[in-house]
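Trainee: Mind looking over this structure? Questions follow.
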Amino acid sequence: MDTELLIIFVNESDRVHHRSAADFIIRQALDAGLVGASAFRAIDGFGTHHRLHHQTLLSMTDDEGIAIFVSDTPDKLDHFVDALTAAGVTAATLRLPVTLGHLG
């Protein structure tokens, strides 16, 4: 099966329809019946604004970066991206071809 990995980059403070962008995107992926989705908090990084995001043990900010990984066929991801855009999500994305498999 032709499969891609879509990575969506948001900040913890980003909101869509009064919900966190990460939560909104994960739930949209589930509702769309996509193969899988996971969100990961970044430890360090910067984006297009060149503002450094650095997570510390005592950090109380909600502006840390989050990377959301979503996988499925290119056609399904095209529809998913279109639906997110229509819902008002704004984010940087990266798409890569992948091979899905299972261990064990």
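Trainee: Say we look at region 58-81 and pick out the residues that are open to solvent by 40 Å² or more (accessible area, probe 1.4 Å) and either modelled with pLDDT of 95 or more or of a type in the set (Lys, Arg) (or both); which of these is nearest to residue 96 (Cα to Cα)?
Mentor: If we take residues in region 58-81 being open to solvent by 40 Å² or more (accessible area, probe 1.4 Å) and either modelled with pLDDT of 95 or more or of a type in the set (Lys, Arg) (or both), then 69 is nearest to residue 96 (Cα to Cα).
Trainee: Just to be sure before I move on: is residue 30 modelled with pLDDT of 95 or more and surrounded by 12 or more Cβ atoms within 10 Å (Cβ to Cβ) in the structure I sent? Steps first, answer last, please.
Mentor: Numbers: modelled with pLDDT of 95 or more: yes; surrounded by 12 or more Cβ atoms within 10 Å (Cβ to Cβ): no.
Judged against the criteria, residue 30 is not a match.
The values are calculated or read from the model by the stated rules, or taken from the named source; none is laboratory data. Here the structure is a predicted model, which means the values were calculated and not measured. Methodologically, a virtual Cβ is constructed for each residue, glycine included, from the backbone with ideal geometry; neighbour enumeration extends over all protein chains shown. Heads up: the accessible areas ignore ligands, DNA and RNA and are worked out on the full protein's heavy atoms, side chains in. Shrake-Rupley method; radii C 1.70, N 1.55, O 1.52, S 1.80 Å.
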